[in-house]
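The structure under discussion appears below in the form of structure tokens.
The values are calculated or read from the model by the stated rules, or taken from the named source; none is laboratory data. Since the model is a prediction, treat every value here as computed from it, not as a measurement. Heads up, the Cβs are rebuilt from the backbone with ideal geometry, glycines too, and the neighbour counts pull from every protein chain shown.
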Amino acid sequence: MKPTNDRAQLAVDQELGIGNVLTSLAGRGIGLDRPTLTFDTDVDGHPAWQALTLHELDQRVAARAAALNALDIAPRDCVAVYVSTGADMVLSYLALARIGAIPALINARVPGATAVEYIRRLRATGVLTDAAHRAELAPHGLETPLLADVSELGGGNPAEAPPVYRHHADEPVVITHSSGTTGLPKAVAHSHHSLFAAIRHRLTLPKGQGLDRMLAALPTAHAAMVIAVNLALCNRVQLAVLSEQSGTTVLEAVERWKPQSVLGFAATWSELAGEDLSQWDLDSISVWWNTGDCAHEAHIRRLVAVGSRMSLTPTGIARTKGSHFVDGLGSTEMGHSQFFITHTPTTDRYGRCIGRPHAFSTVAVLDDDCEPLGPGEVGQLGISAPTLSLGYWNDSTTTYRTRRNGFFLTGDLVHRDEDGWFYHVDRAVDAVELPDGRRLFTAMSEERVLADCGDVLECTVLAVREADRVTTTVLLILADKADREADRTAEVLAALEDHVAATVDRVVVVDPELIPLGPTGKVRKVLLRERFLAGEQVGTGQPRTGDGTVSAS
């Protein structure tokens, strides 16, 4: 069967979804010897960095399913998965889905105390974990039963796996969680069809550039990784899964594995942009593919300057210097990026432009009464799409609070222009209304500083209201060779809008370790604001002076 026909058949198969892609493909008996997933660690007797064929992947998942069945894990059981490696996270998800259980994937960086409370609220049947995370959980009084260590699951007999569970369109199949930057991560339930909807759409389109060999530098417990795994399987292409997503780790993996595209989050692009990319062999890269928060122009420009891509030239289609960067905006709850825009070295539509909506998505800019706003007006982003999650597991209050008039309210503030391009300005919880009625958008302010201040690698703008006064602190992380002693206050203020600059109380260079991050690399601005209001001079850990001003940094 031709690959194009195969993709078309998968696109129209309404039985297909995120719960059964692997078993469906294996059952077709086509391409059983083709390489599929590659992991960066040894797993179940298979060596690191050696691709599993479709047959080998199916057999290893069946072995784990048999072991889980022997532990009396049954269909519809919610099982938490809290492990260190991408291999154990992905194989556990696939095995639990195979028997009809509901895997609840937990980021390996979530602290043990937080994980215990999260698992308690899941009301999980049991927890799959490894030695490192058992030790992380141990001091915190976990009441949910610990199941076998994941290292033991590969010893199951594939022939003893129970029959493959038949998933239905709207049934919950996997639970992933939000970033946890505003508090305890929220458990987000995805259905058989919701996380597959964007994949189904892509299968109706020509296969995009860079899809033959993909490197997943994504948090392994995130919905984006679930999508990436199934996208790769359906397109019959190779995917390498990284257990850790730091800049150096990704660059080493690119040199070793030679992917055509890299999938990642904004935090990884920031780290990559801080490296001397000329010292790395990145010639294989044609596409950087971003999801989650939209990326910063300063980081995108450094990445598209390397690699190569196929372009239309005066003499026809040819490979040219520089790569693509596909940007957008998504979240765990959205299930997939809802927008897309492609940057190259020659494009210049930035300013936090997140592009235009995908064909499967209906989007709106809404006021506080959920009424639509016109071009140029900033409002809440509302999404109506088949990719949306079912809601928050065991939390109907939050589920229904975020749904109005057929839209999911994402918590993002955006606007659109007359031509239908959308722009992201901030998260609603981080924007601050000024006394004169204007609003201060922290994310847009960070974008301006990064674009105008060349030796600033990362920037966090923290705006806090105290009575009728707004105080803004600008925290800068510098590139390695930048002068840390130079006063950048004038340069930063010049980059900001006048009404934002007027609120700035302090511009300070900080060590990255002083910026609290969530498990996916997002800055925890809520925590920083709490520290400020508690009297801390944010960025140093030192107290503020009693009159509300800050002491010298």
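Residue check: is L231 modelled with pLDDT of 95 or more, touching a Lys or Arg at 6+ places or on another chain (Cβ under 8 Å) and in a helix (DSSP H, G or I)? Break it down into steps so the answer makes sense when it comes.
Working: modelled with pLDDT of 95 or more: yes; touching a Lys or Arg at 6+ places or on another chain (Cβ under 8 Å): yes; in a helix (DSSP H, G or I): yes.
Answer is yes for this residue.
Restrict the check to segment 367-386 and report whether at least one residue is over 21 Å from R416 (Cβ atoms) and either in the same structural domain as R200 (by TED's automatic domain parsing) or in contact with a helix residue (DSSP H, G or I) (Cβ under 9 Å, 6 or more places away or on another chain) (or both). Don't jump to the end; show me each part of the working.
Quick first cut of segment 367-386, residues over 21 Å from R416 (Cβ atoms) only: 386.
From what is left, the residues that are either in the same structural domain as R200 (by TED's automatic domain parsing) or in contact with a helix residue (DSSP H, G or I) (Cβ under 9 Å, 6 or more places away or on another chain) (or both) are 386.
Taking every residue of segment 367-386 in turn, at least one turns out to be over 21 Å from R416 (Cβ atoms) and either in the same structural domain as R200 (by TED's automatic domain parsing) or in contact with a helix residue (DSSP H, G or I) (Cβ under 9 Å, 6 or more places away or on another chain) (or both).
Against the definition (closer than 22 Å to R134 by Cα, hydrophobic (A, V, I, L, M, F, W, C) and assigned to a loop (DSSP other than H, G, I, E, B)), how does I30 come out, yes or no? So that I can check it myself, show each step before the final result.
Numbers: closer than 22 Å to R134 by Cα: no; hydrophobic (A, V, I, L, M, F, W, C): yes; assigned to a loop (DSSP other than H, G, I, E, B): yes.
For I30, the condition - closer than 22 Å to R134 by Cα, hydrophobic (A, V, I, L, M, F, W, C) and assigned to a loop (DSSP other than H, G, I, E, B) - is not met.
Grab the strands (runs of 3 or more DSSP E) fully contained in segment 255-323, keeping just those with 2 or more residues being within 17 Å of R213 (Cβ to Cβ) and without any contact (Cβ under 8 Å) to a residue 60 or more places away in the chain. Show your work before the answer.
On the way: elements: 261-264, 287-290, 308-313, 316-321.
Qualifying strands (runs of 3 or more DSSP E): 261-264.
Does V250 satisfy being outside the structural domain of L52 (by TED's automatic domain parsing) and either in contact with a Ser or Thr (Cβ under 7 Å, 6 or more places away or on another chain) or closer than 20 Å to H167 by Cα (or both)? Quick ask: steps written out before the conclusion?
Numbers: outside the structural domain of L52 (by TED's automatic domain parsing): yes; either in contact with a Ser or Thr (Cβ under 7 Å, 6 or more places away or on another chain) or closer than 20 Å to H167 by Cα (or both): yes.
Answer is yes for this residue.
Output yes when any residue across segment 368-385 is among the small types (G, A, S), at pLDDT below 95, outside any helix (DSSP H, G or I) and in contact with a strand residue (DSSP E or B) (Cβ under 9 Å, 6 or more places away or on another chain), and no when none is. Break it down stepwise before answering.
Here is the first cut: in segment 368-385, the ones among the small types (G, A, S) are 374, 376, 379, 382, 384-385.
Cutting the leftovers down to at pLDDT below 95 gives us none.
Checked against the condition, which is being among the small types (G, A, S), at pLDDT below 95, outside any helix (DSSP H, G or I) and in contact with a strand residue (DSSP E or B) (Cβ under 9 Å, 6 or more places away or on another chain), segment 368-385 yields no hits at all.
Scanning for something at pLDDT 95 or above, not in a strand (DSSP E or B) and not hydroxyl-bearing (S, T, Y), does segment 502-516 turn up at least one residue?
yes
Residues to consider are D417, D430; find the one that is farther than 23 Å from Q537 by Cβ and touching a residue at least 40 places away in the same chain (Cβ under 8 Å).
Working: D430 fails: farther than 23 Å from Q537 by Cβ.
Only one candidate qualifies: D417.
Among the listed residues T402, T442, identify the single one that is surrounded by 21 or more Cβ atoms within 10 Å (Cβ to Cβ) and among the hydroxyl-bearing types (S, T, Y).
Selected residue: T442, the only one of T402, T442 that is surrounded by 21 or more Cβ atoms within 10 Å (Cβ to Cβ) and among the hydroxyl-bearing types (S, T, Y).
Within segment 59-77, track down each residue that is surrounded by fewer than 24 Cβ atoms within 10 Å (Cβ to Cβ) and either out of contact with any Pro (no Cβ under 8 Å at 6 or more places or on another chain) or among the acidic types (D, E) (or both).
Scanning segment 59-77 gives A67, A70, L71, D72, I73, A74, P75, R76, D77.
Return the residue satisfying two criteria in turn: it lies in segment 428-480 and is part of a loop (DSSP other than H, G, I, E, B) and under 19 Å from W269 (Cβ atoms), and of such residues it is modelled with the lowest pLDDT. Lay out the reasoning, then the answer.
Of all residues in segment 428-480, those part of a loop (DSSP other than H, G, I, E, B) come to 428-431, 434-438, 441, 453-455, 467-468, 479-480.
Restricting the remaining residues to those that are under 19 Å from W269 (Cβ atoms) gives 453-455, 479-480.
On the way: C453: 95, G454: 91, D455: 93, A479: 90, D480: 87.
By that ranking, first place goes to D480.
Restricted to segment 176-203, and to residues that are among the β-branched types (V, I, T) and modelled with pLDDT under 95, which residue is nearest to the chain's Cα centre (by Cα)?
Our first condition is that a residue be among the β-branched types (V, I, T); within segment 176-203, this holds for 176, 181-182, 188, 199.
Imposing the further condition that a residue be modelled with pLDDT under 95 reduces the set to 181-182.
Numbers: T181: 13, T182: 16 Å.
Applying the filter and picking the extreme gives T181.
List pairs: first in segment 38-63 and in the same structural domain as D212 (by TED's automatic domain parsing) and among the polar types (S, T, N, Q), second part of a helix (DSSP H, G or I) and at pLDDT 95 or above, Cβ under 9 Å, 6+ apart or cross-chain?
Between residues of segment 38-63 that are in the same structural domain as D212 (by TED's automatic domain parsing) and among the polar types (S, T, N, Q) and residues that are part of a helix (DSSP H, G or I) and at pLDDT 95 or above, the close pairs are T38/W257; T41/G86; T41/A87; T41/D88; Q59/A26; Q59/P158.
Within segment 342-361, work out how many residues are outside any loop (DSSP other than H, G, I, E, B) and without any contact (Cβ under 8 Å) to a residue 24 or more places away in the chain.
As a first pass, look at segment 342-361 and keep what is outside any loop (DSSP other than H, G, I, E, B): 342-343, 353-357.
Those still in the list that are without any contact (Cβ under 8 Å) to a residue 24 or more places away in the chain too: 342.
Number of matching residues: 1.
Select from segment 344-358 the residues that are under 19 Å from the mean Cα position of the chain (by Cα) and of a type outside the set (D, E, K, R) and write down the one among them that is nearest to A197 (Cα to Cα).
H358
Against the conditions (1) without any contact (Cβ under 8 Å) to a residue 24 or more places away in the chain; (2) in a helix (DSSP H, G or I), where does E143 fall short? Just the number, please.
E143 satisfies every listed condition except (2).
Search segment 442-460 for residues that are within 14 Å of I515 (Cβ to Cβ) and pair each with any residue that is of a type in the set (V, I, T) and in a strand (DSSP E or B) when their beta-carbon atoms are under 7 Å apart and the residues are at least 6 apart or on different chains.
T442/V461; E446/T460; E446/V461; L457/I477; E458/I477; C459/V474; T460/V523
Kindly provide the set of residues from segment 185-214 that are assigned to a helix (DSSP H, G or I) and aliphatic (A, V, I, L, M), ordered by number.
Kept after step one, since they are assigned to a helix (DSSP H, G or I), are these residues of segment 185-214: 197-203.
Within segment 185-214, A197, A198, I199, L203 qualify.
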